[in-house]
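Trainee: Got a structure here, written out as C-alpha cells. Questions coming.
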Amino acid sequence: MKKRKIFGVSWNVFLLGIVSFLNDMSSEMIMPIVPTYLTDILGIGKALSGSIMGLIESLSSLFKVLFGYFSDRFRKRKAFVALGYMLSAVAKGSLAFISSWWEFVALRIVDRIGKGIRTAPRDALIAESSEKGKTGKAFGFHRMMDTLGAVAGPLAAIGLLAIFSQLPKVVAYKRIFIISAIPGLVGVLIVLLFVVDKGGEVKKKIKGISALRSRSLQLFLLIIAIGALGRYSYAFTLWKAEELGLTVMQGLGFYALFNLIYALSAYPLGAYSDRIGKRKLITIGFGIAALASIAFAFARNALELALAFVLYGIYIAIEDTIPRAYMADLAKEFEKGTVIGAYHTVFGIFVLPASVIAGILWQTYSLTYAFLYAAAMNALAMILMVLTREK
C-alpha cells in the first residue's frame, strides 16, 4: 500500500511541520515584548539582558547530542519530542507569573532545555519518516513551516497588543505570555495523538562503525564550526538598518522580508539539494553567506539593504536546512539522533562567540568590520568545502 503523502512529504513529516509552526508561532509571539519586559518591567540592563539570552541559547546546544544519543539508545523519538515541546510551552506561559530576573532566567533555561531535548530526536524522526534520497525535501518543508510560524507569531503579538492597548503594559504582557502557551500545547497534543514513532523500527543490535569516527565527517563538523563563527545575530542586520537612518518599523519591514524569503526558499532548496547533492548546496550556501555579509557591510541605501536581506534569507534557508539532511544521510540507522545532535551541538557552541566577536568589532571599529569578519569566516568555510572531498 502506498504511504500517505501531503505536499510531497510523508504524513509524519507534515505533522511535525505543523507542530514546529505552532511552537515557533508561540515563541515569536513573546519575542517582540521580551526585551522591553526585561528592561522596563524587570529592570535588567541591556548588556546583561543580551548576555543572558546568548548564554541560555548556547546552553540548549549542550543537550542536543545527549538527548539525540538517548533517543538512539532507547529507540524512542516521540517521547523526547513531546517532552521537549511541553517544557517550552509551559515555560513560556509561566513567564506571566514571575516578578524577578532570576525567575525569568530559570524559565528561559527550562524553555531552552526543552529545545535541547526535542531537536535531535525530532530531526532523526524526520529523517526516518522520509523516503531514501528525499531528506532534503523533508527538512526543507519542516524549516518552511517553522519560519512561517516565525512570521505568524509577531503578527499575532501585534494584534494582541492592539486588543490589550487599554490595559497597563505589564498586564497586557502577562496575558500575551499566557496565550502564547496555547499553540505550543496544541502542538504537544498533535505529537502525542497523531505522530507515529519510528525509532522502534531500528533493530536493537546493529554492529557497525559510527559515522562520527569518519575523518571526512569530522572535517565537515570543523567547517560547520568555522561557518558558525561567521553567523551573526539578526539584530546586527536591524542595527545596520538603523545606521542607514531607517525607522524601527522600516527595519522590521526588512526583517519581515528576510523571513518571507527564508520561508519560501527553504522547501524548494531542500528538494533541489536531493537532486544536485547536499554537500554542493551547503558549499554554495557559504558563498551566499559571504556575499550577504559584504552586501550588509557596504549597503548605502534601502535598495542595497533589501538585496542584502534577500541574500541573507537564502543563506539561512540553506544552512539551517541542508546540513541536517546531510548528517541524517551520513548517519547509520542506529545513530541518527546522536549524529544529528553532534551537528546541532557543534553549531550551537560556536554561534555564541560569533555575535560576541562581531559586537567587539562593531564597538572597536564599525559595523562594517563586523560584517566583513563574517564574510571572511563564511568564505573560508566555502573554500574548505571545495578543498575537502567526500568519501
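The values are calculated or read from the model by the stated rules, or taken from the named source; none is laboratory data. Because the structure is a prediction, the values reported are computed rather than measured. Reconstructed Cβ throughout: ideal geometry from the backbone, glycine too, with neighbour counts over all protein chains shown.
Trainee: Might you let me know whether segment 174-197 holds any residue that is more than 19 Å from Ser88 (Cα to Cα), buried (at least 17 other Cβ atoms within 10 Å of the Cβ) and assigned by TED's automatic domain parsing to the domain that holds Ile18? Spell out how you get there, then give the answer.
Mentor: Step one: of segment 174-197, the residues more than 19 Å from Ser88 (Cα to Cα) are 194, 196-197.
Then drop every residue that is not buried (at least 17 other Cβ atoms within 10 Å of the Cβ), which leaves 197.
Okay, now just the ones that are also assigned by TED's automatic domain parsing to the domain that holds Ile18, so 197.
There is at least one residue in segment 174-197 that is more than 19 Å from Ser88 (Cα to Cα), buried (at least 17 other Cβ atoms within 10 Å of the Cβ) and assigned by TED's automatic domain parsing to the domain that holds Ile18.
Trainee: Pull up segment 300-359, narrow it to residues that are assigned to a helix (DSSP H, G or I) and basic (Lys, Arg), then point me to the one that is farthest from Phe67 (Cα to Cα). Lay out the reasoning, then the answer.
Mentor: Within segment 300-359, the subset assigned to a helix (DSSP H, G or I) is 302-319, 322-330, 336-359.
Cutting the leftovers down to basic (Lys, Arg) gives us 324, 336.
Numbers: Arg324: 16, Lys336: 11 Å.
My answer is Arg324.
Yes or no, residue by residue, for (1) modelled with pLDDT of 80 or more; (2) not in a loop (DSSP other than H, G, I, E, B):
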residue: Lys3; (1), (2): no, no
residue: Gly17; (1), (2): yes, yes
residue: Ser27; (1), (2): yes, yes
residue: Met53; (1), (2): no, yes
residue: Glu57; (1), (2): no, yes
residue: Ser61; (1), (2): no, yes
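Trainee: I've got another one for you. Here are some conditions: (1) in contact (Cβ under 8 Å) with a residue 24 or more places away in the chain; (2) not in a helix (DSSP H, G or I). Gly245 meets all but one. Which one does it not meet?
Mentor: Looking at each condition in turn, Gly245 falls short on (1).
Trainee: Could we say that Ile294 is more than 28 Å from Phe63 (Cβ to Cβ), touching a helix residue (DSSP H, G or I) at 6+ places or on another chain (Cβ under 6 Å), in a helix (DSSP H, G or I) and of a type outside the set (Lys, Arg) here?
Mentor: Considered against the rule, which asks whether it is more than 28 Å from Phe63 (Cβ to Cβ), touching a helix residue (DSSP H, G or I) at 6+ places or on another chain (Cβ under 6 Å), in a helix (DSSP H, G or I) and of a type outside the set (Lys, Arg), Ile294 comes out as yes.
Trainee: Just for helices (runs of 4 or more DSSP H) wholly inside segment 99-209: which have at least 3 residues that are of a type in the set (Asp, Glu)?
Mentor: On the way: elements: 101-128, 135-163, 169-193.
Here the list reads 101-128.
Trainee: So the check is Cβ under 7 Å with 6+ separation or different chains; which pairs have a first residue in segment 333-345 that's touching a residue at least 24 places away in the same chain (Cβ under 8 Å) and a second one that's not in a helix (DSSP H, G or I)?
Mentor: Glu333/Val202; Glu333/Ile206; Phe334/Val202; Phe334/Ile206; Glu335/Ser210; Val339/Ala331; Ile340/Ala331
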